[in-house]
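Chemist: One structure, pasted below without further comment.
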Amino acid sequence: MNKQGHEDSGARRRALFEAVDRYGPHPGTWPDLARAARAREAMLADRDFRAYRDGAVNLNRGLTLAARALDGEIADAKAMERIAAAVSARVAPAIAPRRHLRHRAAAAAAVIVLAAALGGMVDSIVPPFAGDPVQVVQLDTLVFGPTEGDF
């Protein structure tokens, strides 16, 4: 910063190079619109910045191509399917479908019975609410139309 409180050209230039590293080579994707506008101007006026930005674009292209190639190799090798099959074989051994359905139904029934027992126990322990009864009125917006707050 200079004495007037403005950024000097060197700091401004460094900020543009750092923005390319931080946000990518395309100023249209940068969150700071003023800095993006300065970057567009610098691409036309500053050969060093243009070369740095072009290098970043080429690096992004290379990384994208490498990522696609690696994803293709993973898909061709069916690595994800092999890993998923190995994990599922170790975690959950194959159960006959009928038996599996019976286990699920028994588990659901057990949860319902447990919830009912727990609710009954809490109801017998906790005293009933002694205050005024609470009345809740819910208006249907399809019948009455939208309200001001549109709740």
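Chemist: How do Ser124, Ser88 rank when sorted from fewest to most other Cβ atoms within 10 Å of their own Cβ?
Modeler: Ser124, Ser88
Chemist: Still on this structure: Mind jotting down the distance between the C-alpha centroids of segment 27-106 and segment 115-129, whole Å?
Modeler: Going from one Cα centre to the other spans 51 Å.
Chemist: Counting alpha carbon pairs within less than 8 Å and at least 6 residues apart, what relative contact order, in whole percent, applies to segment 9-80?
Modeler: About 23 percent, as a whole number.
Chemist: For Phe17, Phe49, what's the fewest-to-most ordering of other Cβ within 10 Å of each Cβ?
Modeler: Phe17, Phe49
Chemist: Also: When every alpha-carbon pair in segment 9-80 is counted, what percent end up more than 17 Å apart?
Modeler: Result for the distance tail: 49 percent.
Here, each number is a calculation from the coordinates, and none is a lab measurement. Note that the structure is a prediction, hence the values are computed from the model and not measured. Cβ sites come from the backbone with ideal geometry, for glycine too, and all protein chains shown count toward neighbours.
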